[in-house]
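Notes follow the structure.
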Amino acid sequence: MSVIPVESLPVMLVPAHPAGLDNLVAIRIEAMRESLERIGRFDPVRARERFLNGFDCRNTRHIELAGERVGFIVVKPLLNELLLDHLYVRPNAQGTGVGSAVLKQIFKEADAAALPVRVGALKESASNRFYIRHGFQFVESGEFDNYYVRPNAAP
């Protein structure tokens, strides 16, 4: 996987390496803390374990803004869709357009492969509004998460 510049901001998607695992976990915990505290489910040990259980370096990219790691994404290619398994942006970089710039790149990749993109969002999280604003359609609700699909936009 190569470094991919995202046009609208100086955002780069950079392949992750197993040596950076602790940094990824720290970003996940930092980005999710407020939403998990709101529903009484913040547990940093559990958050770390859940992430480590599904970690695959091949599908993980750091989000860099002006050379600083401000988040990461995990996009897993499945049989008939791309699963946006994680999109985390540090709180100090949220609201700057970083997430939108990253989604724009993911949509390009999905459209080139003629695949829809599926994502889950923690209930009560602002990420639900974020995904709806970017064209995801609500599909179903689970115990803790809402699930969305962004249809394939390829002709």
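Per residue of the chain, what 222 nm ellipticity follows from adding -39500 (n - 2.57) for every DSSP H run with n ≥ 4, rounded to the nearest 500?
Rounded to the nearest 500, the figure is -10500 deg cm²/dmol.
State, to one decimal in nm², a quarter of the convex hull surface area for the C-alpha atoms of the chain, i.e. the direction-averaged projected area.
If I average the Cα hull's projected area over directions, I get 9.0 nm².
In whole Hz and in residue order, list the ³J(HN,Hα) couplings for the stretch 93-109 that follow from phi through the Karplus curve 6.51 cos²θ - 1.76 cosθ + 1.60, θ = phi - 60°; x for Gly and Pro.
With the stated coefficients, the stretch 93-109 comes to 10, 6, x, 9, x, 4, x, 5, 5, 5, 4, 4, 5, 4, 5, 4, 5 Hz.
Percent relative contact order of the stretch 11-155, based on C-alpha pairs within less than 8 angstrom and at least six residues apart?
For the stretch 11-155, the relative contact order is 20 percent.
How do V102, V74, V149 line up, fewest other C-beta atoms within 10 Å first?
Final ranking by Cβ density, sparse to dense: V149, V74, V102.
Build a GNM of the chain with springs between Cα atoms under 10 Å: which of G120, G99, G67 gets the top mean-square fluctuation?
Of G120, G99, G67, the most mobile in the Gaussian network model is G67.
Since every read-out is calculated from the coordinates, none of them should be taken as a lab result. All values reported here derive from a predicted model rather than from experimental measurement. We place every Cβ from the backbone using ideal geometry, glycine too, and count neighbours over all the protein chains shown.
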